[in-house]
Amino acid sequence: MKIYRAGIDIGGTSVKGGLFGPEGQLIRKWSFPTDRSDNGSRILPDTASSIRQIFRQTGLDLKDLAGIGVGVPGAVTDHQTVNRCVNLGWGALPAGPLLSRLMDGIPVRIANDANAAALGESWAGSGRDFDSLVMVTIGTGIGAGLIQGGRIVEGAFGAAGEIGHLLVNEEEQLPCSCGGKGHLEQYASASGLAAQAEKLLASSDTPSLLRRAEHLDAEAVYKAAGLGDPLALKLTDQEARMLGLALSYVSCVFDPGIFLIGGGLSLAGDVLLEGIRRYYRKYAFHASRDTAFALAKLGPDAGIYGAARLIQI
C-alpha cells in the first residue's frame with residue numbers, strides 16, 4: 001500500500017530530505033552536501049541514493065513510497081522540467097523523469113523551491129487557514145511562492161513569484177545576479193542589505209556601530225538597529241519600504257489572503273514584519289490594505305513539507 005511520500009529540498013549548499021507518513025507526519029529528516037561538480041551531474045543520483053538509504057535504515061519498503069516531491073532553486077514547467085538552475089549548474093533539465101528512472105519508476109514531481117516552501121506553509125504552517133497566500137522568502141535572494149486553493153500558481157513559464165527581480169531603481173548601475181539592474185533583491189535581500197550597508201558607510205561620516213562590526217552582514221545591521229544606531233535604522237527602514245512597496249504591487253495582481261515572511265532574514269522577527277506591513281498599508285490599493293501578515297512557521301523544513309505535498313496519496 002503506497003502510504004509514504006518523500007520531500008526533497010535541493011539547495012546550492014545542501015540537499016534536505018523528509019520522509020512523511022500517511023497522515024502527513026514527518027517521520028525522518030536527513031541532509032547531505034550538494035555536489036555541484038561537473039554541472040551538478042551527481043545531485044540527482046546522490047538524492048536517489050539517500051532516499052534508498054533512509055528506507056533501508058527505517059526498515060520500510062520502497063514499494064510503499066507513493067512518490068517523491070522535489071523543490072529546486074529555479075523555474076519549473078509541468079512539474080517535471082527545470083528551466084535553468086544557476087546555483088546547481090543545471091541548464092534545461094528533465095529532472096523529474098531522470099530522478100524517477102533512478103528510483104525504478106517511482107513518480108516524481110518538481111517545483112520551484114519558493115513555491116514548495118509556500119505549499120508547505122499552506123499545508124502545515126502559518127497559512128493553513130487561508131485559501132490563498134503569498135510566502136516571501138528573504139535570504140541570499142528574494143523569492144515568493146503563490147498558493148491558490150491549495151495549489152501552486154506557477155505561470156506559463158514557471159516564473160510566477162520571482163518578485164526579487166521586480167525593478168525598484170532604474171538608476172542602479174550594478175547588476176543583479178540575473179543580469180538585470182535595480183532589482184528588489186539588490187536592496188532588500190540579506191546580501192543586498194549588506195551591500196547597501198557598505199555603500200552607506202562609504203558615503204557617510206556618521207558614527208555607527210556598523211563600522212566596528214566584525215562581519216558587516218544583515219544580522220549585524222538588525223542588531224545595530226535594535227540598539228538605535230541611526231545608519232542601521234535607515235537601512236532597515238529602506239528595506240521595509242521596498243518590500244512593502246513590492247508586495248503592494250503583488251496584491252494588485254494576486255490579492256492573497258495573507259503574506260507570509262520566511263527565509264533567513266525572517267529571524268529579525270516582528271521588527272521586519274511590522275516595517276513591511278506599515279509600508280504595505282501605505283502603498284496598497286484600498287481594497288487590499290488589510291491583508292494579513294505573519295511570519296512563516298516551519299522554518300527550514302517548509303521546503304520538504306511542500307515538496308512532499310506535491311505528491312497526493
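The values are calculated or read from the model by the stated rules, or taken from the named source; none is laboratory data. Computed from a prediction, not measured in an experiment: that's the story for all the values here. Neighbour counts run over all protein chains shown; Cβ positions are idealised from the backbone, glycine included. When the accessible area is computed, the model is the full protein with side chains, heavy atoms only, and any ligands, DNA or RNA have been set aside. Shrake-Rupley method; radii C 1.70, N 1.55, O 1.52, S 1.80 Å.
When all protein chains stay in place and ligands, DNA and RNA are ignored, the 1.4 Å accessible-area order of LYS234, LYS181, largest first, is LYS234, LYS181. For ASP129, put the label point 7 Å out on the Cα→Cβ axis and report which residues of region 290-311 keep their amide N under 19 Å from it. Residues passing the 19 Å test: 290-299. All Cα-Cα distances of region 11-71, cut into 10 Å bins from zero to the largest, leave 19, 53, 23, 4 percent in each bin in turn.
Using 0.36 nm times the number of residues separating ALA287 and THR206, minus their current alpha carbon distance, what extension gain do you get?
Values: separation 81, 0.36 × 81 = 29.16 nm, distance 4.12 nm.
Between ALA287 and THR206, full extension yields 25.0 nm more.
Measuring r between the beta carbons of LEU227 and GLU172 and using R0 = 51 Å, the FRET efficiency lands at 0.95.
Measuring from centroid to centroid over Cα atoms, what is the spacing of region 78-137 and region 14-31 in Å? First find each Cα centre; the distance between them is then 15 Å.
Close amide H contacts of GLY262 (hydrogens built in the peptide plane, cut-off under 5 Å, sequence separation of 5 or more or a different chain): VAL136, THR137, ILE138, ALA296. Ignoring ligands and nucleic acids, what accessible area does ASP217 show with a 1.4 Å probe (Å², nearest 10)? ASP217 has an accessible surface of roughly 60 Å² with all protein chains in place. Ordering VAL136, LEU26, LEU166 by Cα displacement along the dipole of the chain toward the positive end leaves LEU26 in first place; charges were set at the Cβ atoms of Lys, Arg (+1) and Asp, Glu (-1). The alpha-carbon atoms of region 127-245 define a convex hull whose volume equals 123 cubic angstrom per residue.
Spatial offset of region 50-67 relative to region 210-250 amounts to 45 Å, using the alpha carbon center of each. Note on the chain: the alpha carbon radius of gyration divided by the globular reference 2.2 N^0.38 Å gives 1.03.
Given a 10 angstrom Cα cut-off, can you work out which residue in GLY59, GLY226, GLY125 is the most mobile in a GNM of the chain? In this elastic network of the chain, the residue with the biggest mean-square fluctuation among GLY59, GLY226, GLY125 is GLY59. Against the empirical 2.2 N^0.38 Å (N residues), region 253-313 has a Cα radius of gyration ratio of 1.34. A viscosity of 1.306 mPa s and a temperature of 10 °C, combined with the Kirkwood radius over Cα pairs in Stokes-Einstein, give a translational diffusion coefficient for region 207-264 of 122 µm²/s.
Partners of LYS199 within straight-line reach, counting lysines whose Cα lies under 29 Å from its Cα and excluding those fewer than 8 residues away in the same chain: LYS181, LYS223, LYS234, LYS282. By how many degrees, between 0 and 90 and to the nearest 10, does the Cα long axis of helix 190-203 differ from the longest principal axis of the chain? It works out to around 20 degrees. With all pairs of separate Cα atoms included, region 175-250 yields a Kirkwood hydrodynamic radius of 12.8 Å.
Given +1 at the Cβ of Lys and Arg, -1 at the Cβ of Asp and Glu and no other charges, the dipole of the chain around its Cα centre is 580 debye to the nearest 20. Looking at region 114-192, the chymotrypsin sites (Phe, Trp or Tyr not before Pro) that sit in a DSSP loop and have at most 14 other Cβ atoms within 10 Å of their own Cβ are PHE157. Averaged over its residues, the chain has an accessible area of 46 Å² per residue, based on protein heavy atoms and a 1.4 Å probe. Once Rh is set to the Kirkwood radius over Cα pairs, what Stokes-Einstein translational diffusion coefficient, in µm²/s, holds for region 193-313 at a temperature of 37 °C and a viscosity of 0.692 mPa s? Roughly 206 µm²/s, to the nearest whole number.
Note on LYS2/ASN83: beta-carbon distance plugged into 1/(1 + (r/R0)^6) with R0 of 30 Å gives a FRET efficiency of 0.55.
Take every DSSP beta bridge with both residues inside the chain and express the antiparallel ones as a percent of the total, to the nearest 5. Please report the intermediate quantities before stating the final value.
Details: 30 of 50 bridges.
Roughly 60 percent of the DSSP beta bridges within the chain come out antiparallel.
For region 32-44, backbone phi angles converted through the Karplus equation (6.51, -1.76, 1.60; θ = phi - 60°) give residue-by-residue couplings of 7, x, 6, 8, 8, 5, 6, 6, x, 5, 8, 5, 5 Hz, Gly and Pro being listed as x. The value for region 1-114 of Rg(Cα) / (2.2 N^0.38 Å) is 0.99.
Here LYS16 is the anchor, and the aspartates and glutamates within straight C-alpha reach of less than 20 Å, apart from those fewer than 8 places off in the same chain, are ASP35, ASP46, ASP113, GLU121, ASP301.
Using a probe radius of 1.4 angstrom, the carbon and sulfur fraction of the accessible surface of region 154-313 is 54%.
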